[in-house]
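What follows is a short report on a single structure.
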Amino acid sequence: MTAGRPGRVAGKTALITGAAGGLGESMAWMLAREGAKVAVTDIDGPRAAALAAAINAEVPGAAFAHAHDVADEDQWAAVIAAAVDQMGGLSVLVNNAGIGGDLVFVEGDTAANWDRQYQINLRSVMFGCKHAMAHLRASAPASIINISSIAALAAGPGMGAYNATKAGVWMYTKTIALEAAKADWNVRCNSVHPVFIKTAILDPFVAMSGGDETKAHERLARGIPLKRIGEPDDVAYCVLYLASDESKFVTGSEFKIDGGMTAQ
Ligand SMILES: NC(=O)c1ccc[n+]([C@@H]2O[C@H](COP(=O)([O-])OP(=O)(O)OC[C@H]3O[C@@H](n4cnc5c(N)ncnc54)[C@H](O)[C@@H]3O)[C@@H](O)[C@H]2O)c1
């Protein structure tokens, strides 16, 4: 039995997309250890299942896994229905799945690059909010947490589609926050904006440093006042706060996890 487990998100029921690795994996562990049930979904179903098994070995009955391509609206409807059934509700949605990709400069950019990033990074967030909302309302107080990026607020050369899709997530978050507030649904919606964090999404930068991960991380840290890149739990702690009722008066806001980068 998981009912009654203590913690900052005790009794919460959370669905996290793109949770088989990286930031989503860290969030799943943290929410489960702090008392929530978590549905870990990912396009890589076997890796999501392995993570759920690992979490359940430590926190029995806390985790459920689903194969889930966030670009596919039909899959959203099916995964949410199954997760609600397994967890007994849905009070937290973390739209975390996202892709980076290689640097592409304006004259070499393509419709295929934009379509892919739009579908996975931005349109997916709308699908998630749309299909989760009735369940979030029924499980209120509830929280939607959209993982945007510092790239929504500060651009980088060669990152046009990523910058634009992440900026879209930032503003869409505010729309949902205002719609939910206007309707008195007790569903909050906020965005999180990490700078470089040590996950597989940085692999293209490591490749650009000849495969030397330490060198790549040092190069990425150069513009960051705290002189290092982040760890996945730097983001997960923010998600934990936003998932909990500690943030009950916080909606439509953006949370920068950037080592001071945009303070400059
Ligand atoms: N790590 C960083 O430096 C950083 C910085 C800013 C923002 N972010 C954002 O954080 C989120 C998580 O990134 P991460 O660093 O953990 O990356 P990651 O590559 O380690 O993990 C992303 C996960 O998403 C999954 N995924 C990819 N396409 C999917 C799809 N269509 N449907 C469902 N799942 C899919 C992958 O299988 C993977 O498990 C992303 O939205 C990313 O843009 C990351």
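Worth a mention:
- The numbered conditions (1) more than 25 Å from Asp109 (Cβ to Cβ); (2) within 14 Å of the ligand (Cβ to nearest atom); (3) not in a helix (DSSP H, G or I) are all true for Gly223 except (1).
- Test result for Leu220, open to solvent by 20 Å² or more (accessible area, probe 1.4 Å), outside the structural domain of Val104 (by TED's automatic domain parsing) and either closer than 30 Å to Phe249 by Cα or in contact with a helix residue (DSSP H, G or I) (Cβ under 7 Å, 6 or more places away or on another chain) (or both): yes
- Restricting attention to segment 35-92 and to residues that are more than 10 Å from the ligand (Cβ to nearest atom) and acidic (Asp, Glu), the residue that is nearest to Gly22 (Cα to Cα) turns out to be Glu58.
- Residues (closer than 11 Å to His135 by Cβ and among the aliphatic types (A, V, I, L, M)) located in segment 78-110: Ile80, Ala81, Ala83, Val84, Met87, Leu90, Val92, Leu93
- So Ala167, is it outside any strand (DSSP E or B) and buried (at least 20 other Cβ atoms within 10 Å of the Cβ): no
- Scanning segment 71-86 for residues that are open to solvent by 10 Å² or more (accessible area, probe 1.4 Å), under 15 Å from Lys12 (Cβ atoms) and of a type in the set (A, V, I, L, M) gives a single hit, Val84.
Condition check ((1) among the hydroxyl-bearing types (Ser, Thr, Tyr); (2) buried (at least 19 other Cβ atoms within 10 Å of the Cβ); (3) within 13 Å of the ligand (Cβ to nearest atom); (4) within 30 Å of Ile224 (Cα to Cα)) across all residues:
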| site | (1), (2), (3), (4) |
| --- | --- |
| Phe127 | no, yes, yes, no |
| His135 | no, yes, no, no |
| Ile145 | no, yes, yes, yes |
| Val195 | no, yes, yes, yes |
| Pro204 | no, no, yes, yes |
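- Taking every residue in segment 20-47 that is modelled with pLDDT of 95 or more and pairing it with any residue that is outside any loop (DSSP other than H, G, I, E, B) and of a type in the set (Lys, Arg), at least 6 positions away or on another chain, the pairs with Cβ-Cβ distances below 6 Å are Ala20/Arg47.
- Residue within segment 183-190 that is of a type in the set (Val, Ile, Thr), without any contact (Cβ under 8 Å) to a residue 60 or more places away in the chain and outside any helix (DSSP H, G or I) present: yes
- Leu122 meets all of the listed conditions (1) farther than 27 Å from Trp185 by Cβ; (2) within 16 Å of the chain's Cα centre (by Cα) but one, namely (1).
- When residues in segment 42-70 are screened for being within 12 Å of Glu25 (Cβ to Cβ), in contact with a Ser or Thr (Cβ under 9 Å, 6 or more places away or on another chain) and open to solvent by less than 10 Å² (accessible area, probe 1.4 Å), 1 of them pass.
The values are calculated or read from the model by the stated rules, or taken from the named source; none is laboratory data. Treat the numbers as computed from the prediction; the structure is a model and nothing was measured. Cβ atoms come from the backbone with ideal geometry, glycine included; neighbour counts cover every protein chain shown. Calculation scope for accessible area: heavy atoms of the full protein, side chains included, ligands and nucleic acids excluded. Shrake-Rupley method; radii C 1.70, N 1.55, O 1.52, S 1.80 Å.
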